[in-house]
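The values are calculated or read from the model by the stated rules, or taken from the named source; none is laboratory data. Quantities reported herein were computed from a predicted structural model and do not represent experimental measurements. All Cβ positions, even for glycine, are placed from backbone atoms using ideal geometry, and neighbour counts span all protein chains on display.
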């Protein structure tokens with residue numbers, strides 16, 4: 001662990017709840033990174049399985065790991081945000097407890113940020129989807145979902161690009177400049193709050209997407225994300241926790257209102273806020289039409305069933 005500083009350059013937040021099945025794989029993949037100047041902050045959301053035992057084991061054998069256990073399940077949003085509250089690094093990354101990173105993930109993302117300069121706020125890689133056993137899913141159901149690359153010098157253009165092309169959470173698991181992440185509302189307790197976070201970051205700067213598959217995203221029925229929460233109400237409860245209230249708005253209307261809220265609370269000029277606000281509905285409408293058109297094309301091009 002040469003080169004580790006008292007205040008590491010990068011902090012990695014690992015929010016977890018009942019993650020005993022895959023947590024070791026996730027932590028091992030982080031500890032095997034070629035870039036070593038990091039700390040790992042685990043926030044255990046009152047797990048009831050062997051998660052605590054695993055976390056304490058890893059924290060005891062590597063002093064880069066810090067472990068905190070919550071007394072009650074506070075919901076995924078609060079648990080994600082807690083890891084950033086405890087972070088010390090100038091760079092930050094969230095890591096899901098059931099995903100994994102290939103050894104050069106951190107090195108490549110940090111290098112991309114260093115080369116891009118301060119106006120680039122986030123670097124991430126495209127991903128491979130794996131199943132419960134860690135095998136790549138072929139064909140990858142999300143192979144074409146990594147198209148998020150807002151690179152314009154204009155904030156409104158970056159917002160348009162993000163609203164048009166965001167479809168996966170891969171960028172959320174990239175490496176982010178902490179100084180910019182502090183200027184956002186982080187992960188909110190509502191459905192698709194990671195989309196809202198991406199809008200807030202896009203207002204602040206560019207994203208760098210690396211065309212290498214260095215992130216392994218696990219799709220499995222026992223996951224803590226959408227795979228194990230089949231309805232929007234279930235997803236909302238996952239974000240909020242059992243003690244959180246329930247919104248009276250539909251998820252889509254709530255998301256639209258949160259986009260506008262993000263624009264008007266953003267730490268940017270008034271002119272930039274107005275420009276970004278003006279593009280939200282047109283961009284969302286265009287996205288909806290594009291998705292509908294894509295579904296229609298796939299239906300008419302589907303081979304006819306034999307009679």
Worksheet item: How many residues, within region 179-191, are part of a helix (DSSP H, G or I) and out of contact with any helix residue (DSSP H, G or I) (no Cβ under 8 Å at 6 or more places or on another chain)?
Response: 1
Worksheet, complete the sentence: Pairs returned, first residue in region 277-289 that is farther than 18 Å from residue 263 by Cα, second residue that is in a helix (DSSP H, G or I), beta-carbon separation under 6 angstrom, 6 or more apart or interchain, are 287/164
Fill in: Residue count, region 204-244 (criterion: under 20 Å from residue 185 (Cα atoms) and either at pLDDT 60 or above or in a helix (DSSP H, G or I) (or both))
11
Discussion item. Looking at 36, 20, can you tell me which residue is modelled with pLDDT of 95 or more, touching a helix residue (DSSP H, G or I) at 6+ places or on another chain (Cβ under 8 Å) and surrounded by fewer than 18 Cβ atoms within 10 Å (Cβ to Cβ)?
Written reply: 20
Worksheet, complete the sentence: Filtering region 19-32 for residues that are outside any helix (DSSP H, G or I) and touching a strand residue (DSSP E or B) at 6+ places or on another chain (Cβ under 7 Å) leaves a count of 1
